[in-house]
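Since the structure comes first, as structure tokens, the remarks are kept for the end.
The values are calculated or read from the model by the stated rules, or taken from the named source; none is laboratory data. Just so it is clear, the model here is predicted, and its values are computed rather than measured. Counting neighbours? That spans all protein chains shown, and the Cβs are built from the backbone with ideal geometry, glycine included. Accessible surface is based on the protein model in full, side chains and every heavy atom, while ligands, DNA and RNA are left aside. Shrake-Rupley method; radii C 1.70, N 1.55, O 1.52, S 1.80 Å.
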Amino acid sequence: MTLKTEPFVLNMGPVHPSTHGVFRMRVVLDGEVVTDMEPVFGYLHRGIEKLAEERTYGGIIPLTDRLDYIAAMSNNFGYVLSVEKLAGIKVPERAEYIRVIMAELQRIASYLIIIGAFLNECGAYFTPFVYMFREREKIIDLFEMVSGQRLTYNYMRVGGVSQDLPEEFLPALDKFLAQMPVCIDEYDRLLKENEILLARSKGVGILSKETAINGSVTGPALRGSGVKWDIRRADPYSIYDRFEFDIPTGSAGDCYDRYRVRVEEMRQSLRIIKQAREQMPAGPVRTKVPHLVRPPVGETYAHIETPKGELGFYLVSDTSISPYRIHIRAPSLINLTVLRELIIGWKIADLFVIFGSIDLTMGEVDR
Amino acid sequence: MKFENYGRGIAKGMSVTIKHLLRHPTVSQYPEQRLNTSRRIRGNELIWSKEKCTGCATCAKTCHEGAIEIETSPNLVNNKYEVEKYQVDTGYCIMCGLCVEACPFEALFMGTTYEAAKYRRDELVQEKEDMMLEAGVKQPSGYFYPDYAAALPRQTLLIERITEEQMKPAKMEPKTETKTEKTAEAEKK
Ligand code: SF4
Ligand code: SF4
């Protein structure tokens, strides 16, 4: 007698503690091994691109906060850069430095969440996550101090930033810069050589260079595969050409490499913040921009390196007070396209380790 | 996978965890113990000054959510506009602060409260009587008003509550220390 077997279809999500938002994976299983995967998304679709067509250029900034909600500053930054490029607005020096400091702090805060969540998925249930949240809290405190809110900052404006730094900001930033390297060392001590982490992530979910490039993967996932591509270097925006920093890369392209790249990048971000803090001039933080910006007819694309990868804003203007069309190149959505290839062939327990190492935010995937 | 000296990484990690066991807690017991919020907090309400407002409606035009509703009538005696109705639907408002920024007469402020849960939707609508600055009930925040910000208490920062001493790398010393203390006490006895 032979047993009749058939592939088992499992729905993971849409509400699953590990999917970081509402995301569903239709997984076809053969025993414990994944033979096929189909991502189903759109549960968090809010029509941000369409909503933006009815708003003024200034009024879109709060919407961009809600794209990648764990890195709202970076989204603000990308959007205002593209409007400034389209309208030809120059930003004061001090504002540029403030923006860079904010973007790099946001990068650290976002990586802390991702590393914590990734370790959660590896089985270190919530212990490292809470350590990382403690450090993130310090950054959130700084953001709250300058912008007044803890998650949706709405801090950058077309032509600068909304307000100058309060006087207590720089001393607190110095303290943070002194403490953070110690914290990163502590994480390394906690996890770098942990055998369980190594066994769960080394050699798991290998993203080859070719697949990564063919799939337009950007951000730490690409650098983990050994491609030295960082928009801050490759196409410097704002004032990134003034700073010295390295681009850490991995070699194998597995989950562990992606995790290490993020840890190293936190150190590089600290370096950039230190340099920016020393070079920061005094002066105004906002140029006079008309209340309703009306860029000339044309189109533009500006892209920045966010914690997830390349975030681009494509704007088309018809000289009215709101954009004719806005398209957002969301790094999470494009990184998602290689997920299927990474997951096939691995066991179901590895599925979320791989998913967590790619780092997706659903707010950005669905928009 | 093969590991040389298996268990070393875990032991190293445990040393960090054990050190945290000896640290002071960094969490606060929220409803009883409250930390000071940012001086620029954008709370869940708007505060409006009756005296300064001229009824220009710049705020209502700026609001991309359409949360502000304003009605005025001309006052022929002093050639000004009377504000008949000033209403903010905080259910629509996303507390972005753009209207506060836009007000040319410094008549609009963000509030400082953050516990604004209500039982009904219509309770979320703020009438002008509820949000009047002159009533003196509500504390305006320092968002865009540095003078008001200076009057508010300083923000509690986690970074200042954790001292440098606590951040030092973990060492496995505490055990030996307690031992020596105990032995010293025993010797005294
Ligand atoms: S913008 Fe200021 S002055 Fe004008 S109506 Fe609004 S609150 Fe009043
Ligand atoms: S804070 Fe923003 S959403 Fe709320 S009323 Fe003002 S402009 Fe509108």
- Task: Enumerate by residue number the trypsin sites (Lys or Arg not before Pro) in the stretch A:42-133 meeting two conditions: DSSP loop (anything except H, G, I, E, B), and at most 16 other Cβ atoms within 10 Å of the site's Cβ.
- Result: A:Arg46, A:Lys90
- Accessible-area loss of at least 40 Å² in the complex relative to the chain alone (1.4 Å probe) applies, within the stretch A:143-173, to A:Glu144, A:Met145, A:Gly148, A:Gln149, A:Asn154, A:Arg157, A:Gln163, A:Glu168
- Amide H contacts under 5 Å for A:Arg157, placed H, 5+ residues apart: A:Ser162
- What is chain A's relative contact order, in percent, from Cα pairs under 8 angstrom and six or more apart in sequence? 27
- Task: Could you list the trypsin sites (Lys or Arg not before Pro) in the stretch B:1-98 that lie in coil according to DSSP, counting only those with at most 16 other Cβ atoms within 10 Å of their Cβ?
- Result: B:Lys2, B:Arg23, B:Arg34, B:Lys50, B:Lys52
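Given Cα pairs under 8 Å that are at least 6 residues apart, what percent is the relative contact order of the stretch A:1-45?
On the way: 70 pairs, mean separation 14.0, N = 45.
Worked out over the stretch A:1-45, it gives 31 percent.
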- Message: At 1.4 Å probe size, what's the solvent-accessible area of A:Leu3? Round to the nearest 10 Å².
- Response: 150
- Grab the DSSP H runs of chain A that are 4 residues or longer, score each as -39,500 (n - 2.57), total them, divide by all residues and round the 222 nm result to the nearest 500 deg cm²/dmol. -14500 deg cm²/dmol
- Measure of exposure for B:Glu101: accessible area at 1.4 Å probe, Å² rounded to 10, is 40
- Query: Each label point is 7 Å from the Cα along the Cα-to-Cβ direction; what then is the distance between the points at A:Ser216 and A:Asp246, in nm?
  - Reply: 3.2
- Step through the residues of the stretch A:276-282 one at a time and calculate ³J(HN,Hα) from phi using the Karplus curve (6.51 cos²θ - 1.76 cosθ + 1.60, θ = phi - 60°), rounding each to whole Hz and writing x for Gly and Pro. 5, 5, 6, 7, 4, x, 8
- Task: Could you size up the charge dipole of the stretch B:46-165 around its Cα centre, putting +1 on the beta carbon of Lys and Arg and -1 on that of Asp and Glu, and report it in debye to the nearest 20?
- Result: 160
- Task: Please calculate the 1.4 Å probe accessible area of A:Asp30, with all protein chains present, and give it to the nearest 10 Å².
- Result: 110
- Task: Report, to the nearest whole %, how much of the accessible area of the stretch B:46-165 belongs to carbon and sulfur atoms, 1.4 Å probe, protein only.
- Result: 51
- Can you tell me the 0 to 90 degree angle between the C-alpha axis of helix A:348-358 and the longest principal axis of chain A, rounded to 10? 20
- Item | Phi-based couplings in Hz for the stretch A:72-84 (Karplus 6.51, -1.76, 1.60; Gly and Pro marked x) | 5, 4, 4, 5, 3, 4, x, 5, 5, 4, 5, 5, 5
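Hull surface divided by four, with the convex hull built on the Cα atoms of the stretch A:174-297: how many nm²?
11.7
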- Taking the protein assembly as shown as a whole, which cysteines find no other cysteine Cβ under 4.7 angstrom from their Cβ? A:Cys122, A:Cys183, A:Cys255, B:Cys53, B:Cys56, B:Cys63, B:Cys93, B:Cys96, B:Cys103
- Message: What do you get for the angle between helix A:127-147 and the principal long axis of chain A? Use alpha-carbon atoms, 0 to 90 degrees, nearest ten.
- Response: 20
- Note on the structure: All alpha-carbon distances of the protein assembly as shown, grouped into 20 Å bins from 0, give the whole-percent distribution 19, 50, 26, 5, 0, 0
- Query: B:Asp89 versus B:Tyr119, label points 7 Å from Cα toward the beta carbon: distance in nm?
  - Reply: 2.3
- In degrees rounded to 10, the 0-90 angle between helix A:93-122 Cα long axis and the longest Cα principal axis of chain A is 10
- Message: Are there any residues in the stretch A:184-206 with a reduction of at least 50 Å² in accessible surface when going from the isolated chain to the assembly of protein chains? Probe 1.4 Å, please list them by number.
- Response: A:Glu186, A:Arg189, A:Leu190, A:Glu193, A:Glu195
- Item | Rg(Cα)/(2.2 N^0.38 Å) for the stretch A:1-45, N = residue count | 1.42
- Message: Once R0 is set to 60 Å, what does the formula 1/(1 + (r/R0)^6) return for the Cβ-Cβ distance between B:Met14 and B:Glu69, expressed as a FRET efficiency to the nearest 0.05?
- Response: 0.50
- Between A and B, accessible area buried - total, square angstrom, nearest 100, 1.4 angstrom probe: 4000
- Message: List the chymotrypsin sites (Phe, Trp or Tyr not before Pro) within the stretch A:126-177 that DSSP assigns to loop and that have no more than 13 neighbouring Cβ atoms inside 10 Å.
- Response: A:Phe126
- Dipole magnitude (debye, nearest 20) for the stretch A:48-345, charges at Cβ of Lys, Arg, Asp, Glu: 280
- Task: Please list, in chain and number order, the residues 5+ apart from B:Cys96 or on another chain whose amide H is under 5 Å from its amide H, with Hs placed from the backbone.
- Result: none
- Item | 3J(HN,Hα) from dihedral phi, the stretch A:185-194, Karplus parametrisation 6.51/-1.76/1.60, rounded to Hz, x for glycine, proline | 4, 5, 5, 4, 4, 5, 10, 4, 9, 4
- Message: Explain nothing, just the number: dipole magnitude of the protein assembly as shown about its Cα centre with +1 on each Lys and Arg Cβ and -1 on each Asp and Glu Cβ, in debye rounded to the nearest 20.
- Response: 900
- Message: Over the protein assembly as shown, with the other protein chains present, what is the accessible area per residue in square angstrom, probe 1.4 angstrom?
- Response: 46
- Report in % the part of the accessible area of chain A that belongs to carbon and sulfur, leaving out ligands and nucleic acids; probe 1.4 Å. 56
- Approximate spin-label separation A:Glu54-A:Asp36, in nm, with each point projected 7 Å along Cα-to-Cβ: 4.0
- Amide H to amide H, which residues 5 or more places from A:Met37 or on other chains are under 5 Å from it, using H placed in the peptide plane? A:Val28
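Of A:Lys90/A:Lys228; A:Lys4/A:Lys347; A:Lys138/B:Lys128; A:Lys209/A:Lys347; A:Lys175/A:Lys202, which sit over 28 Å apart, Cα to Cα?
From A:Lys90/A:Lys228; A:Lys4/A:Lys347; A:Lys138/B:Lys128; A:Lys209/A:Lys347; A:Lys175/A:Lys202, over 28 Å: A:Lys90/A:Lys228; A:Lys138/B:Lys128; A:Lys175/A:Lys202.
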